[in-house]
1. I need the phi-derived Karplus couplings for the stretch 148-154: 6.51 cos²θ - 1.76 cosθ + 1.60, θ = phi - 60°, integer Hz, Gly and Pro marked x.
2. Calculate the translational D of the stretch 221-267 in whole µm² s⁻¹ from Stokes-Einstein, where the hydrodynamic radius comes from the Kirkwood formula applied to all Cα pairs, the temperature is 20 °C and the viscosity 1.002 mPa s.
3. Find the Rg to Rh ratio for the stretch 3-162, where Rh is the Kirkwood radius over alpha-carbon pairs and Rg uses the same atoms.
4. Which ordering of Tyr281, Tyr122, Tyr49 is given by a fewest-first count of other beta-carbon atoms within 10 Å?
5. I need the peptides 124-134, 219-229 ranked by packing, meaning the mean over residues of other C-beta atoms within 10 angstrom, with the highest value on top.
6. Hey, which lysines would be in cross-link range of Lys283, C-alpha to C-alpha under 20 Å, not counting anything within fewer than 8 residues on its own chain?
7. On alpha carbon coordinates alone, what is the Rg over Rh value for the stretch 75-116, Rh being the Kirkwood radius?
8. Return the long-range amide H neighbours of Gly202 (sequence gap of 5 or more, or a different chain), with a cut-off of under 5 Å between placed amide H atoms.
Amino acid sequence: MTALTPVSDELATYPDAVALAALERVGVVLNDTWRLDSVLGVGAFAAVYSATHRKGTRAAIKMLHAEYECNEQLRGRLEREALVLSLIHHPGAVRLLARGTTEQGSEFLAMELLEGETLTSYLVRKDGCIGLDQALLITLLVLEAVAGAHEHGVVHRDVTVENVFITRTGQVKLIDFGTARLLGNLEQGAELGVGPVVGTPGFMAPEQAQGLNEQVGVQSDVWAVGAILFELLTGLPVHFAARTLFQKLTSSAFSDAPKLASIAPDASPKLQQLVDRALAYDKAERWRDACEMRGALLALFDVSPDRAGERTFATSFAPVAPPQVASSWLGSLRAAKTLQRACARVVGLVRALATAVAGLRSPTRRRVRARDRLLSNA
Ligand SMILES: Nc1ncnc2c1ncn2[C@@H]1O[C@H](COP(=O)(O)OP(=O)(O)O)[C@@H](O)[C@H]1O
Ligand SMILES: [Mg+2]
């Protein structure tokens, strides 16, 4: 999750010992309160466990690996994550339940236990082929989550496919706020100015990859959302030719993102503008913030902004509202008709868009095309 932290495809190279050490904690009871039931994820510095409170509540517990328990910088990161999560009250961000320190002095966070999978794993399961409607909707919900964090003064700085979680009920949640930054908080002086590079290469805006931390702000998260959308639409990461961590980092820092049309020439002009503007090298040319980008995305759907909060990934494109939504919406026949018309408009529009960019649906074909292009340029 940072330049100090290998990116997801490097996770496979982590020593098995790290995963094994994480597994060894399963069954341990923290402070006679939380029993660690199983490992949900193992990162470079921390592991996340599903856990049960002695009173029965379930949670996800994040703890540093044993070898890093005394590392002040990493302990600070976990503390930061707790602080930031306590500030954000938004359905698009994972909720903090508690924080604690074990008798041995290890810090831990207890978060709401999400059921579902990361966007990375969802994409793998779908073989990278999710269709335009889902790509746009996931992006819309990610933007709402990011905008929610920004509203609470938090820049995430590590918005990636790995840190977007899709729940079984179709919600989209941002996780992993360990490298988030509080806007305008000059007390974090060590983080400002030119400093350590924080984030995931490939999902870092140029200013972030260059370590220009004082320039990293809401528009850096906008770039990252653009990178997610680019990948959802094309099946390729923005800097797809970069293979090593170093190449990914230097491309993120110094290369323009490819125009969407260079990979997906059939994409509609509005969609191209949406993505290209999010991924502009120069901050001044990007969407001003997540809300502005969200507005542009909503215009593609032709849905009024005040309806956006009612949608989830699973239900938005259903022609009939699901029962729990219907009970509040269908209070009158008039409301029902309005709903039907709105749904038909959304479905129609999405179908039209999907047809217009049908070429975007085959990541395999796109990968072959991109590779051919690379080879012919070589
Ligand atoms: N609240 C949660 N509920 C369920 N699973 C979670 C939760 N938080 C994290 N995870 C799982 O643990 C993995 C690592 O968590 P994350 O916070 O991203 O840590 P890291 O810093 O190691 O990337 C995630 O990819 C996800 O699979
Ligand atoms: Mg993560």
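1. Taking θ as phi minus 60°, the curve returns x, 5, 4, 4, 8, x, 10 Hz for the stretch 148-154.
2. Numbers: Rh = 11.1 Å.
Roughly 193 µm²/s, to the nearest whole number.
3. Computed over Cα atoms, the ratio is 0.97.
4. Least to most surrounded, the residues fall as Tyr281, Tyr122, Tyr49.
5. Working: 124-134: 15.6, 219-229: 27.2.
In descending order of packing, they fall as 219-229, 124-134.
6. Partners within reach: Lys248, Lys259, Lys270.
7. Numbers: Rg = 11.1 Å, Rh = 11.0 Å.
My calculation of the ratio gives 1.00.
8. Ser252
Bear in mind that the values in this text are calculations on the coordinates, not laboratory data. Just so it is clear, the structure is predicted and the values come from calculations on it, not from any experiment. Glycine also receives a Cβ, built like all others from the backbone with ideal geometry; neighbour counts cover every protein chain displayed.
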